[in-house]
Amino acid sequence: MAGNGSVLGLVGSPNRDGRTYRMVTAALEGASRAGAHVEVVQMADHVVEACKDCLPWVCQTNRKCSHPDAAFDYLSSKLLHCGAVVLGTPIYWWDTTGMVKYLILKMFRVYARSAPLAGLPAVGIGIAGGTGNGLVSGLRPVYHFFQMLQMRALEPLPVTRFNWSAALVRAGELGATLANMAGSMHPFAGVEERLLWYDALPYLSLNRAGERRLLADLTTAALPEDADPAISRGLAQADALAARGQHLQALQEITRAYEAGVKVFEESQG
Ligand SMILES: Cc1cc2nc3c(=O)[nH]c(=O)nc-3n(C[C@H](O)[C@H](O)[C@H](O)COP(=O)(O)O)c2cc1C
């Protein structure tokens, strides 16, 4: 059903020109440079209503929500007719925004069984623009959406203030890859291949401590050259503690390195 070759960018933020918009736009610019038609949609203009979970479950068969919802009609039509999708969400409380979640839940209800998006190339971007917490956990619902709809998702892009510049570049590269895949579907041979594909994607399998370690890593990588080397050494000490099974002490060390890194990062930003 999908596949006009264009790359669709969904901005799942109430801020039209915020960080999510900038990151989704960077991906679309990469797609455009690679020759694709691109389109950006502000989800704030099309906020889907909550699925009413009505019974009998007719929408799975007739593929139409029984309740008038112009926003869902609009966004689902965009998804059904694009060649690839970039879905960007700000991270709110270590999760996606409500507008993203409402779209996902209604898409599940109407389309998960018939899977008209099977094989659609997709990228999810999560922007944890505050503390950076939730940079992975907020992406999981997006990748769960892609997986349940049987889409062919590329690696997720977790974004914080600390890896912002590198993430802009990576967004453009991922957009270019989507452009090269758009126009034809890339379905999985079966459920097993799909599950293994998603298991192999980076970041998503990190546990909570691993996610915090990633955040600390991004933070310390962003430090100016003259930053106290003890901050980075703290992460090495944390790894040594973890290797000895001292997980609580390791995580405490990671938190110390992260907090010291944020302080220096913010001072360096003026
Ligand atoms: C309700 C709310 C919850 C937030 N929770 C988090 C969070 O858990 N982690 C984080 O790093 N930033 C958090 N933030 C900050 C946003 O991720 C940040 O402002 C982001 O840049 C928003 O994207 P936007 O510029 O597209 O609006 C939160 C912001 C709001 C408004």
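The values are calculated or read from the model by the stated rules, or taken from the named source; none is laboratory data. Predicted model only: the values in this text are computed from it and were never measured. Every residue, glycine as well, gets a Cβ built from its backbone with ideal geometry; the counts of neighbours run over all protein chains shown. Just so you know, the surface numbers come from the protein's heavy atoms only, side chains and all, with ligands and any DNA or RNA stripped out. Shrake-Rupley method; radii C 1.70, N 1.55, O 1.52, S 1.80 Å.
A compact table of results
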item: Sequence-separation-based contact order of the stretch 22-179, relative, with Cα cut under 8 Å and 6+ spacing, percent; result: 32 percent
item: Karplus (6.51, -1.76, 1.60) ³J(HN,Hα), θ = phi - 60°, over the stretch 82-95, in Hz, Gly and Pro reported as x; result: 8, x, 5, 9, 10, 10, x, 10, x, 8, 10, 6, 6, 9
item: Helix-only [θ]222 nm of the chain, DSSP H runs n ≥ 4, -39500 (n - 2.57) each, per residue, nearest 500; result: -15500 deg cm²/dmol
item: Per residue, in Å², the accessible surface of the stretch 176-251 once ligands and nucleic acids are set aside, probe 1.4 Å; result: 60 Å²
item: Mean-position separation - Cα centroids, the stretch 156-195 and the stretch 225-252, in angstrom; result: 31 Å
item: For the stretch 212-218, Karplus couplings with θ = phi - 60° (6.51, -1.76, 1.60), whole Hz, Gly/Pro x; result: 5, 5, 4, 4, 5, 5, 5
item: Loop sites in the stretch 198-270: chymotrypsin sites (Phe, Trp or Tyr not before Pro), DSSP, at most 14 other Cβ within 10 Å; result: none
item: Label point 7 Å beyond Cα of residue 200 along Cβ direction - residues of the stretch 153-178 with amide nitrogen under 16 Å; result: 153-156
item: Dipole of the stretch 64-173, positive end: most advanced residue of 157, 144, 92 [Cβ charges, Cα centre]; result: 144
item: GluC sites (Glu not before Pro) restricted to DSSP loop in the stretch 168-270 with at most 15 other C-beta within 10 Å; result: 225
item: Calculated FRET value between residue 64 and residue 268, using beta carbons and R₀ = 41 Å, to 0.05; result: 0.15
item: Nearest-ten-degree value, helix 19-33 long axis tilted from longest Cα axis of the chain; result: 70 degrees
item: Candidate lysines for bridging to residue 64, where Cα separation is under 27 Å - those fewer than 8 sequence places away on the same chain excluded; result: 52, 78, 101, 106
item: Nearest-0.05 FRET efficiency for residue 4 and residue 192, computed from C-beta distance (R0 41 Å); result: 0.85
item: Gained length - residue 114 relative to residue 228, 0.36 nm times residue gap less alpha-carbon distance; result: 35.5 nm
item: Contact order normalised by residue count of the chain, Cα under 8 Å, 6+ apart, percent; result: 21 percent
